[in-house]
Amino acid sequence: MVKGDWDKVQRFAREAGRDPTRIGRVYSNFVWVLGKGEKPESRRSPHFSVYSGMDLDYWKAYYLLGTADEVAERNQRAYRRPRPRRGLDRPQPASNWGLEQLELIAGEVLPE
């Protein structure tokens, strides 16, 4: 999906007379850090589709959903993968959830 989107961006850049190799690439992904004992199927799961348009199964497969340790591990795996120059400059998690989620990400995920 990301590759297809990037192909479109490159095409649009060329059509606008821009060099697509000079465009930086950042990929944003939705993040939900589960609290202690919280399950993904919790009361908050309806918010997943509100913010991303995707259901819980999609979140489990493609987004950063899990405990702080699980989210940190998935993020570390993404950074350890060799990235070809054509690839992303930097993966960037996106969260629209509020202070509680930001505190979990800053306090428990990023230090890992």
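Bear in mind that the values in this text are calculations on the coordinates, not laboratory data. Computed from a prediction, not measured in an experiment: that's the story for all the values here. All Cβ positions, even for glycine, are placed from backbone atoms using ideal geometry, and neighbour counts span all protein chains on display.
Laid out as a table, the results:
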| item | result |
| --- | --- |
| Vicinal HN-Hα couplings computed from phi for the stretch 33-42 (Karplus, 6.51 cos²θ - 1.76 cosθ + 1.60; Hz; Gly/Pro x) | 8, 6, x, 4, x, 7, 9, x, 7, 5 |
| Under-5 Å amide H pairs with L65, H placed in peptide plane, nonlocal only | W32 |
| Cβ-based net charge around A106, under 13 Å, with every Lys or Arg adding one and every Asp or Glu removing one | -4 |
| Computed E for Q10/Y62 - FRET, C-beta separation, R0 22 angstrom, nearest 0.05 | 0.45 |
| Sorted peptide list for 10-20, 62-72, 101-111, criterion being average Cβ within 10 angstrom, highest first | 62-72, 101-111, 10-20 |
| Set of lysines near K39 by C-alpha distance (under 24 Å), chain-local residues within fewer than 8 positions excluded | K60 |
